[in-house]
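This report refers to the structure that appears directly beneath it.
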Amino acid sequence: MRQRTEWNDRTVEQIVGNLLRVGVGISALVIVVGATIYLCRHGLETANYHVFHQTPSELRQARGIVRSASALQGRGIIQLGLLLLIATPVARVAFSIFGFFAERDMMYVVFTALVLAILLFSLNGSI
C-alpha cells in the first residue's frame, strides 16, 4: 500500500532543498562537460586580447543554445549549463506554488505566483 505524503512546511523545504541541490549539480556537470569539450578543441589556441569578440548571436537565445549544445559544441554546452543554473531558482519558485497550494495556503500561492510572473517577465528579454 502506498503512503500518502503529508504536505507541510518541512516537506516542502526538503523537496525545495533537494531541487536546488540537484539543479545546481546538474548545471555544474553540464558546464564541466562543455568546458572539457571546449578546451580539448580550442585549448591550444592563442588568445587575442587586442580585439573584443562578443558572444555569437546564436548563443544569446535559448533555441540557439540548445541547437549548439545538441551539436556537441563546447560553448553551447557551457551556455546550456548556465541556462540550467538560471532555471533552477525559477523551478524552485514554481514548485513552491504547488507546495503552498497543497498546504492550502492561498495567500502564499498568490504571492509566489506574483514572484514567478515577475521572474518570467524579467527573463523574457534576456533569453
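Please treat every number below as a calculation from the coordinates, not as lab data. All values derive from a computational prediction rather than experimental measurement. Cβ: placed from backbone, ideal geometry, glycine included. Neighbour counts: every protein chain shown.
Here are the numbers:
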{"read-out": "Globularity index of segment 1-75, i.e. its alpha-carbon radius of gyration over 2.2 N^0.38 Å", "value": "1.74"}
{"read-out": "Proportion of all alpha-carbon pairs of the chain beyond 25 Å (%)", "value": "43 percent"}
{"read-out": "Separation of the residue 21 and residue 58 label points, Cα + 7 Å toward Cβ, nm", "value": "3.8 nm"}
{"read-out": "Residues residue 118 and residue 8, FRET efficiency given R0 of 25 Å [Cβ-Cβ distance, rounded to 0.05]", "value": "0.40"}
{"read-out": "Residue order, fewest to most surrounding Cβ atoms within 10 angstrom, among 93, 22", "value": "22, 93"}
{"read-out": "Extension gain from residue 51 to residue 101, taking 0.36 nm per residue of separation minus the Cα-Cα distance", "value": "12.7 nm"}
{"read-out": "Per-residue [θ]222 nm for the chain (sum of -39500 (n - 2.57) over DSSP H runs n ≥ 4, rounded to 500)", "value": "-25000 deg cm²/dmol"}
{"read-out": "Angle in degrees between helix 74-102 and the longest Cα principal axis of the chain, rounded to the nearest 10", "value": "10 degrees"}
{"read-out": "Relative contact order (percent, whole number), the chain, Cα cutoff 8 Å, 6+ residue spacing", "value": "31 percent"}
